[in-house]
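Peer 1: One structure, pasted below without further comment.
The values are calculated or read from the model by the stated rules, or taken from the named source; none is laboratory data. Predicted, not measured: the structure shown is a model, and the values here were computed from it. No Cβ is skipped: glycine too gets one built from the backbone with ideal geometry, and neighbour counts run over all protein chains shown. Remember, those area values only see protein heavy atoms, side chains included, never the ligands or the DNA or RNA. Shrake-Rupley method; radii C 1.70, N 1.55, O 1.52, S 1.80 Å.
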Amino acid sequence: MCGSPFSEATRGPEPADDPGAGEGDGGGPEAEGESSLLSARSGVGWQRGPRQERSAGGVVVRRIGGVLHLLLIKDPYGHWGLPKGHVEPDEGPAEAALREVREETGLGDLELGPELRTIDWYFRVHGKLVHKHCTFYLMTSQDGETRPQREEGISACRWLPMAEALEKVEYANAREVVKDAMRLLLGEPESGRDVQE
């Protein structure tokens, strides 16, 4: 790509996760409620909210043959989505997004662009409800070969023209992130940034 596709305007305000942690996974009615617990002292039931988790990831763009392409990964569940992963305690979401995209795709040449959107979803791990929030950023990669992080279950990386990538992404909330990236890259008006699946 010649230069950065990122404009001056920014839009401020998924993986090697636990099973069921992909975008949109585990969204059945049981995942929407809270877990019930009994007080050891009184035996009276009380409600505890889900465990909160933070992740970050990226929509990576590259110009190939004059056409903008987006990078998708095939996650451990066999679904096409966006590279993402946990935010470590000592890092911010932008730093985590760059690290996770590098780890999952093998790309070292990444330029961080604007924040796109934070999505969220619920899932269960060992019967416990988890509420995941994932912040995505637009990124560019000028060159370099992809290497899927197979030890974390990423089985493939694929560059696709934007419209084809949008159709290939299998999680509805991640498709909204791709739409945000496309609007920004094509100079179209912004829409909402937060979506819940």
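Peer 1: Debye calculation, C-alpha points only, no solvent: report log10 I(q)/I(0) for the stretch 43-94 at q = 0.16, 0.17, 0.20, 0.28 Å⁻¹, in the same order as the q values.
Peer 2: The Debye formula, applied to the Cα set alone, gives -0.71, -0.76, -0.88, -1.08.
Peer 1: Whole number in Å², please: accessible area per residue of the stretch 61-197, 1.4 Å probe, ligands, DNA and RNA not counted.
Peer 2: 44 Å²
Peer 1: For the stretch 51-170, build the convex hull from the C-alpha positions and give me its volume per residue in Å³.
Peer 2: 109 Å³
Peer 1: What's the carbon and sulfur percent of the stretch 87-197's accessible surface, probe 1.4 angstrom, rounded to a whole number?
Peer 2: On the way: 2330 of 5140 Å².
On the stretch 87-197, the fraction of accessible area on carbon and sulfur atoms equals 45 percent.
Peer 1: Which entries in LYS128/LYS168; LYS74/LYS128; LYS84/LYS168 show an alpha-carbon gap greater than 23 Å?
Peer 2: LYS128/LYS168; LYS74/LYS128
Peer 1: What percent do you get for the relative contact order of the stretch 107-156 when only Cα pairs under 8 Å and 6+ apart count?
Peer 2: It rounds to 41 percent for the stretch 107-156.
Peer 1: Moving on to the next point. Order of 72-84, 139-151, 121-133 by packing, highest average Cβ count within 10 Å first?
Peer 2: Packing proxy ranking, top to bottom: 72-84, 121-133, 139-151.
Peer 1: Would you mind calculating the relative contact order of the stretch 57-102 from Cα pairs under 8 angstrom and at least 6 residues apart, reporting the percent as a whole number?
Peer 2: On the way: 55 pairs, mean separation 17.1, N = 46.
Taking the mean separation of contacting Cα pairs over the length of the stretch 57-102, I get 37 percent.
Peer 1: Please get the size of the charge dipole for the stretch 105-154, origin at its Cα centre, with Cβ charges of +1 on Lys and Arg and -1 on Asp and Glu, quoted in debye to the nearest 20.
Peer 2: Computed charge dipole of the stretch 105-154: roughly 480 debye.
Peer 1: Related question: What does the extension gain come out to for LYS128 and GLU152, with contour length at 0.36 nm per residue minus their alpha carbon separation?
Peer 2: Working it through step by step, the gained length comes to 6.4 nm.
Peer 1: Pop out the ³J(HN,Hα) list for the stretch 167-173 in order, Karplus 6.51 cos²θ - 1.76 cosθ + 1.60 with θ = phi - 60°, rounded to Hz; leave Gly and Pro as x.
Peer 2: Taking θ as phi minus 60°, the curve returns 5, 6, 4, 8, 9, 4, 5 Hz for the stretch 167-173.
Peer 1: To continue, here is another question. Pop the C-beta distance of GLU88 and VAL67 into the FRET formula with R0 = 35 Å and round what comes out to the nearest 0.05.
Peer 2: Result of the calculation: an efficiency of 0.50.
Peer 1: May I pose another question? How many nm is it between the label spots at ARG51 and ALA172, if each spot is 7 Å from the Cα in line with the beta carbon?
Peer 2: Result for the modelled spin labels: 2.7 nm.
Peer 1: Same structure again: Taking R0 as 25 Å, what FRET efficiency do you get between TYR77 and GLU145 from their Cβ-Cβ distance, rounded to the nearest 0.05?
Peer 2: After rounding, the FRET efficiency stands at 0.55.
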